[in-house]
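Everything on this sheet refers to the single structure shown next.
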Amino acid sequence: MTTDPTTYVLRGVRPLGGDPADVVLAGGVVAALGAPGSVDVPGDAVEVDGADHVLLPGLVDLHTHLREPGREDAETVASGTRAAAAGGFTAVHAMANTSPVADTAGVVEQVWRLGRDAGFADVHPVGAVTVGLAGERLAELGAMAHSAARVRVFSDDGRCVDDPILMRRALEYVKAFGGVVAQHAQEPRLTEGAQMNEGVVSAEIGLAGWPAVAEEAIIARDVLLAEHVGSRLHVCHLSTAGSVEIVRWAKSRGIDVTAEVTPHHLVLTDELARTYDPTYKVNPPLRTAADVEAVREGLADGTIDIVATDHAPHTREDKDCEWAAAAFGMTGLETALSVVQQTMVDPGRMTWADVARVLSVAPARIGRVEHAHGRPVAVGEPANLTLVDPAATRVVDGAAQATASGNTPFAGRELPGRVVATFLRGRATVLDGAVVEPAGAGAR
Amino acid sequence: MKHLLSTADLSKDDALLLLDTAAQMAATQSRAIKKLPTLRGRTVVNLFFEDSTRTRISFEAAAKRLSADVINFSAKGSSVSKGESLKDTALTLHAMGADAVVVRHWASGAPYQLAHAGWLDAAVLNAGDGTHQHPTQALLDAFTIRRHLVGRRGGGDPDGVGADLAGLRVAIVGDVLHSRVARSNVALLRTLGAEVTLVSPPTLVPVGVETWPCRTSYDLDATLADWQPDAVMMLRVQRERMSGGTGGAFFPSPLEYTRYYGLDARRLALLPDHAIVMHPGPMNRGLEISAEAADSDRAVIVEQVANGVAVRMAALYLLLAGDPSAEGNDL
């Protein structure tokens, strides 16, 4: 157990990749920031050497599966938020497809409290759009919005709100409290039994196809619905070139739509299904190299607003089986920032300021947590910060990760960048690359 | 060859070695004593996660005629019904010392996983996985085609030993989308130099078929009359493709299917005189093939079954006994 000092000085760090600075964190906020050697540092401050390290606002994930309540064998709020901290996140939005489903004020408050008790990252529960994710009638969205968890994002993620009138009502209803519907775009009839992207590879290896049109048709319908009723729409884990085109078109019309892409859709393709290794089974499925290029381009030009992990932990037994029998999903909290660096920053398609935008500022704004997260790196702002060493490289080892599950698709791959420190309201949740237990917590 | 998982993995030399070895095996089957001592003391497990009496007894006969010990392991049930997991089954077979595992599975890729996941070190023979591959079916089809269209016609070796299928035209007709037989045949026939045309209603060809090394057509009459195939392979149409279940019906009615894609006496007459009619069985008489076509002189369907045993003997022999010229491996 580590004592939790209240004052840190980060030496020589580059806020948003800019000029070097010394940054003092005290009292839960950024207390001082200036050129190296120019700021007053309290005598008891803990020194953090940050030469050539990039300082970002703490990362915010709009799409995390923490599995608690219900599947604590795969992940808990505590283990999932430890993974979040290790990956540089200070806030996560916990998806609603738990057991019981997060479709009442009681469940979302429970998840919110578990997050607060764990102390590794702020947990903002996502509420289900429909009761039991069944797609039949609206859950009590108002009660969740007005609960202690202050839910603003609503999603049946894992399932699509495919009934058009129900989707329209949800889009309209959440306007009363500034909410947003985050749609898992998957036309269900076009994807019955679907196992992987439908195309050249699925035809050859004999796995049932999940066609791009099943995603694009729903996104096209939803942006038109959002325009018609003047609501805000968020598109979860967009994965195809056609989806990027539709969102680009919608934004050009002034429709209030935001979109996310996962780290895995920025780099992995359906060619990996040839191994029949269910680690690569995910929903929406890995697409083609052309789709990967399209989502990178969409992220670079702002069509896609954010990167969200869709961190989906699963037990060994749910992945150690036939492809068709395996669960969909892969973990992502501890590799997301590295994948964004590798695919967008290192090739020169995005700056570190852009990274702060897509992994912190924009997701905080979409999730309506911008009062605390995604803030500027400036004096007086909450000390929710992430310090990254972009020159470091590491080989991903699933067993060494903080998440309770081992289903990372990046196992054995070398990725750039390492989270050196994460601060949540001035408390180090990660220091020297290692997770720091909260003061008063027992050793784990 | 360590495993036989997909015909796409076979080089032309591999394929010819399998077919030529099958011809040697077939020759031994006309002897009074059919049993060979080659695999004495070796254990072959028939691991069937899906019912297929025909395929199982064909592999069983093949293994027994090579004097292997045969264990039949029926592991029906999907993950949904919470049967024993594929992994635990594999570990069990490994512990029992299986030398070869013949696996039939409802899930595409299950044999590939058995061969590559490190759960067991036996040779894996794919006896049909999901909608992926059924390599011994394609090999027995190629063997049958070679015997009829290269061997007997060519005047050389009656089995066509040593020859490939260069220049021959094969039409594969029916539900290509769900067919492991079609996928296996397209790859193998192409490797052996034959030309393939797939004939299906547009709902029963996969998206992505355009990269396959073959032609596709929606018109059976035109394919038979204009392209003049040397062999016509009819695929079985599963009953569930006709109903409105998952995904809905793939064609309006069985009658309409038969009208456009069924092989009957009239279509048989469009073929060249030497052309043969094939079917992997079991047939839906009156649906994809009429009784006249199935029972005609052109049909080699029963012979396909006999050749299946010889081909499976060859596959087991090559995977387990290795180099056929090695000492003690005389046939």
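Quickly run through region A:141-196 and pick out the residues that are surrounded by 17 or more Cβ atoms within 10 Å (Cβ to Cβ), within 22 Å of A:VAL60 (Cα to Cα) and either basic (Lys, Arg) or within 14 Å of another protein chain (Cβ to nearest Cβ) (or both).
A:ARG152 - this is the single residue of region A:141-196 that is surrounded by 17 or more Cβ atoms within 10 Å (Cβ to Cβ), within 22 Å of A:VAL60 (Cα to Cα) and either basic (Lys, Arg) or within 14 Å of another protein chain (Cβ to nearest Cβ) (or both).
Considering each of B:LEU165, B:LEU139 in turn, give the residue that is under 23 Å from B:PRO282 (Cβ atoms) and buried (at least 24 other Cβ atoms within 10 Å of the Cβ).
None of the other options fit; the residue is B:LEU139.
Can you say whether A:ARG67 is within 19 Å of the chain's Cα centre (by Cα), charged (D, E, K, R) and farther than 20 Å from A:ASP157 by Cβ, as far as the supplied structure shows?
The answer is no for A:ARG67.
If only one of A:VAL54, A:VAL77 is closer than 24 Å to A:ALA356 by Cβ and either at pLDDT below 95 or among the aliphatic types (A, V, I, L, M) (or both), which one is it?
From the options A:VAL54, A:VAL77, the qualifying one is A:VAL54.
Among the residues of region B:58-90, write down those that are modelled with pLDDT of 95 or more and assigned to a loop (DSSP other than H, G, I, E, B).
B:LEU66, B:SER67, B:ALA68
Of the conditions (1) assigned to a loop (DSSP other than H, G, I, E, B); (2) among the hydroxyl-bearing types (Ser, Thr, Tyr); (3) surrounded by fewer than 21 Cβ atoms within 10 Å (Cβ to Cβ), A:THR393 satisfies every one except a single condition; which number is it?
Answer for A:THR393: the failing condition is (1).
Of everything in region B:231-259 that's exposed (fewer than 14 other Cβ atoms within 10 Å of the Cβ) and hydroxyl-bearing (Ser, Thr, Tyr), which residue is modelled with the lowest pLDDT?
Residue satisfying both the conditions and the ranking: B:THR246.
Evaluate region B:266-279: report whether one residue or more is touching a helix residue (DSSP H, G or I) at 6+ places or on another chain (Cβ under 9 Å) and either over 18 Å from B:ALA294 (Cα atoms) or β-branched (Val, Ile, Thr) (or both).
Scanning region B:266-279 turns up at least one residue that is touching a helix residue (DSSP H, G or I) at 6+ places or on another chain (Cβ under 9 Å) and either over 18 Å from B:ALA294 (Cα atoms) or β-branched (Val, Ile, Thr) (or both).
Here's the yes/no breakdown for (1) on the phi > 0 side of the Ramachandran plot; (2) buried (at least 22 other Cβ atoms within 10 Å of the Cβ); (3) modelled with pLDDT of 95 or more; (4) more than 14 Å from chain A (Cβ to nearest Cβ):
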residue	(1), (2), (3), (4)
B:ARG183	no, yes, yes, no
B:ALA194	no, yes, yes, yes
B:SER217	no, no, yes, yes
B:ALA225	no, no, yes, yes
B:PRO229	no, yes, yes, yes
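Out of all the residues in region B:35-48, is one or more of a type in the set (D, E, K, R), touching a residue at least 24 places away in the same chain (Cβ under 8 Å) and closer than 30 Å to B:GLY193 by Cα?
no
Any residue at all in region A:213-222 that is closer than 22 Å to A:GLY135 by Cα, part of a loop (DSSP other than H, G, I, E, B), out of contact with any Phe, Trp or Tyr (no Cβ under 8 Å at 6 or more places or on another chain) and within 14 Å of another protein chain (Cβ to nearest Cβ)?
Checked against the condition, which is being closer than 22 Å to A:GLY135 by Cα, part of a loop (DSSP other than H, G, I, E, B), out of contact with any Phe, Trp or Tyr (no Cβ under 8 Å at 6 or more places or on another chain) and within 14 Å of another protein chain (Cβ to nearest Cβ), region A:213-222 yields no hits at all.
Which of the following residues is in a loop (DSSP other than H, G, I, E, B), hydrophobic (A, V, I, L, M, F, W, C) and more than 14 Å from chain A (Cβ to nearest Cβ): B:VAL237, B:VAL277, B:VAL302?
B:VAL237
Scan region A:303-324 for residues that are outside any loop (DSSP other than H, G, I, E, B), farther than 14 Å from A:VAL261 by Cα and touching a residue at least 12 places away in the same chain (Cβ under 8 Å) and jot them down.
Passing the criteria: A:ARG316, A:ASP318, A:TRP323, A:ALA324.
Find the residue count for region A:279-305, including only residues that are farther than 21 Å from A:PHE410 by Cβ and in contact with a strand residue (DSSP E or B) (Cβ under 6 Å, 6 or more places away or on another chain).
Selection size over region A:279-305: 1.
So, in region A:187-234, how many residues would count as being of a type outside the set (Asp, Glu) and more than 30 Å from A:GLU322 (Cβ to Cβ)?
14
Given A:THR315, A:THR309, A:THR303, A:THR335, which one is surrounded by fewer than 20 Cβ atoms within 10 Å (Cβ to Cβ) and not aliphatic (A, V, I, L, M)?
Going through A:THR315, A:THR309, A:THR303, A:THR335 in turn, the sole match is A:THR315.
If we keep just the residues of region A:325-348 that are within 14 Å of chain B (Cβ to nearest Cβ) and of a type in the set (A, V, I, L, M), which is farthest from the chain's Cα centre (by Cα)?
A:ALA325
Can you tell me which residue among B:THR55, B:THR43, B:THR131, B:THR92 is within 10 Å of another protein chain (Cβ to nearest Cβ) and either β-branched (Val, Ile, Thr) or more than 20 Å from B:MET1 (Cα to Cα) (or both)?
So the residue among B:THR55, B:THR43, B:THR131, B:THR92 that is within 10 Å of another protein chain (Cβ to nearest Cβ) and either β-branched (Val, Ile, Thr) or more than 20 Å from B:MET1 (Cα to Cα) (or both) is B:THR131.
Quick grid of which residues meet (1) within 14 Å of another protein chain (Cβ to nearest Cβ); (2) of a type outside the set (Val, Ile, Thr); (3) out of contact with any Gly (no Cβ under 9 Å at 6 or more places or on another chain):
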{"site": "A:LEU272", "(1), (2), (3)": "yes, yes, yes"}
{"site": "A:LYS281", "(1), (2), (3)": "yes, yes, no"}
{"site": "A:PRO284", "(1), (2), (3)": "no, yes, yes"}
{"site": "A:GLY298", "(1), (2), (3)": "no, yes, yes"}
{"site": "A:HIS311", "(1), (2), (3)": "no, yes, no"}
{"site": "A:GLU317", "(1), (2), (3)": "yes, yes, yes"}
{"site": "A:TRP323", "(1), (2), (3)": "yes, yes, no"}
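If a residue has to be in contact with a strand residue (DSSP E or B) (Cβ under 8 Å, 6 or more places away or on another chain) and surrounded by 17 or more Cβ atoms within 10 Å (Cβ to Cβ) to count, how many in region B:198-207 make the cut?
5
The values are calculated or read from the model by the stated rules, or taken from the named source; none is laboratory data. Here the structure is a predicted model, which is why all the values come from computation and not from measurement. When we count neighbours, we look across all protein chains shown, and the Cβ atoms used for this are built from the backbone with ideal geometry, even at glycine.
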